[in-house]
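First comes the structure, then the notes that go with it.
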Amino acid sequence: MNNNLGEKMSYIKGLAEGLGLQKEDTKEAKILINIIELLEDVVDAIDALEASQAEQDDYLDALNEDLTDIQNDIYGEDEDEDMDEETNYVEVTCPHCHETVYFDEEMFEEEDDIICPNCKKPIYEEGEEEYDEDESEE
């Protein structure tokens, strides 16, 4: 996987062979040969870890896709995508139960009476003055 490490390891091994370290029987040569063998093992272990990590990444991607499919089957497609980004909501405090509720701004234009979803009493009835958004901020 990590060709750069493998190439460097091969280069160092080639240098050691070119110097004839394999044939020498000195303490330094033995240490260098063992260090090179250790580095080879480290490079092999890193390659194995990278291969395993890549396999795990692929597996997690597949699981994520499956989970997304299951969520879409259960909850439907992403509801956030379906919402109109330009929808404006008006915060209203019910004069009867004093709960804060939110209504689509268009409801005030389309509906005759606006009913509180909590107490079921009218918040805005046709014929009253338009609701002033500043009132909800008090």
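The values are calculated or read from the model by the stated rules, or taken from the named source; none is laboratory data. Note that this is a predicted model, so its numbers are computed, not measured. Please note: Cβ atoms are built from the backbone with ideal geometry, for glycine as well, and neighbour counts cover all protein chains shown. Quick note on the areas: whole protein, heavy atoms, side chains included, nothing else; ligands and nucleic acids left out. Shrake-Rupley method; radii C 1.70, N 1.55, O 1.52, S 1.80 Å.
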At a Cα cut-off below 19 Å, give the lysines reachable from K13, other chains included and same-chain residues fewer than 8 away excluded. K23, K27, K30
Per-residue accessible area for D113 at 1.4 Å probe radius, Å² rounded to 10? 70
Can you give the FRET efficiency to the nearest 0.05 for K27 and A48, using r as the Cβ-Cβ distance and R₀ = 25 Å? 0.20
Full-stretch length increase - D104, D73 - with 0.36 nm per residue and alpha-carbon distance subtracted: 8.3 nm
